[in-house]
Amino acid sequence: MNIPLGHYLILAAILFAIGLAGALTRKNAIIVLMGIEVMFNSAILNLVAFWHYKHFAVPTAQLFAIFAIAIAAAESAVGLALVIAVYRHYKSVDVDEMKELKG
Amino acid sequence: MNIAFWIISAVAVLGAVLAVTLRNLVHCVLALILFFIGIAAHYFLLRADFLGTVQILIYVGAVAVLILFAIMLTHNVTGVDGPKELLGVKWWSGAAIAATLAILLKKAILSDPLATLLPAGDKAQSSVAEIGKALVAGWVVSLEAIAILLTAALIGAVVIALEEIQKS
């Protein structure tokens, strides 16, 4: 494979921007969480690409990626539980309607 | 191998774009699964076979199903997004911010000498055994910390989601 590292970095940057756009523009809290998942995955793709191009002999970067995936899984579980709790309270998952603490 | 990179990248970008733009929430999750599978294919292409398997098991197997359950619990199984929200002022401003970020990142990446780096060694060997040894030898404290974190997240998710039921 003779793809330069920059291709992977630019791909991850594009995916990160798509996830950011989703998290910023959508009203539904579940889709905001999905945008955050897209951003997480693009960051981990960066990590794995750097491992493949720079430190292929040692598996340490893969361990960091595994820990990041575990933390992302925990984050999405708690986030979705929060969405369900907010839905029970407001009867809606629209992030624009959650403004009780707005100054 | 180069053609595989472009095809997998196109699939991943298509999945990500559809996941944040489609109207039907269930369709969004299906597009997100396509994106996750594209990322897993990239891991296989980068010789990180264990990470690719973990990606499919955790994201396609667990996170996507969790999101589907959350949609079903909050939308009475209809799964259709609310009023029209695409192509408004908010959409254009968010897309402009994301496009600016992507362009700036692209400039920064291309200005770095690392961007033209080619892979040093590309031997097709599995790294699962090395990962397993490293996890129980040098990184065992981190492994235990992750185990505690996952347990706390599990209990926390149940407590947060059950709170209102006990009151009523």
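The values are calculated or read from the model by the stated rules, or taken from the named source; none is laboratory data. These numbers come from a predicted model, not from an experiment. We place every Cβ from the backbone using ideal geometry, glycine too, and count neighbours over all the protein chains shown. Note: accessible area is taken over every heavy atom of the protein model, side chains too, but ligands, DNA and RNA are not part of it. Shrake-Rupley method; radii C 1.70, N 1.55, O 1.52, S 1.80 Å.
Some observations on this one:
- Only protein heavy atoms count here, probed at 1.4 Å, and on that basis chains B and A bury about 7100 Å² of accessible area in total.
- Solvent-free Debye calculation, one equal scatterer per alpha-carbon of the protein assembly as shown: log10 I(q)/I(0) at 0.08, 0.10, 0.11 Å⁻¹ equals -0.36, -0.55, -0.66.
- At least 18 Å along the helix axis (C-alpha) and Kyte average at least 1.6, DSSP helices within chain A: A:5-25
- Average partner coverage of A:28-39, which counts Cβ from other chains inside 10 Å: 6
- Descending semi-axes in whole angstrom, ellipsoid equivalent of region A:5-91, from the Cα gyration tensor: 30, 17, 4
- Span per principal axis, largest first, for the Cα atoms of region A:8-50 (Å): 34, 13, 7
- Calculated accessible area for chain A comes out at 38 Å² per residue, all protein chains present (probe 1.4 Å; ligands, DNA, RNA ignored).
- Region A:5-91, accessible surface, carbon-and-sulfur percent (1.4 angstrom probe): 76 percent
- A 1.4 Å probe run over region B:127-168, with the rest of the protein chains in place, finds 69 Å² accessible per residue.
- The percentage of C-alpha pairs in region B:127-168 whose separation is greater than 13 Å is 65%.
- Surface calculation, 1.4 Å probe, protein heavy atoms: B:K133 sits at approximately 140 Å² accessible.
- Nearest-10 value in Å² for the accessible area of B:S9, using the 1.4 Å probe: 10 Å²
- Peptide B:48-56 shows a mean partner chain C-beta count of 4 within 10 Å per residue C-beta.
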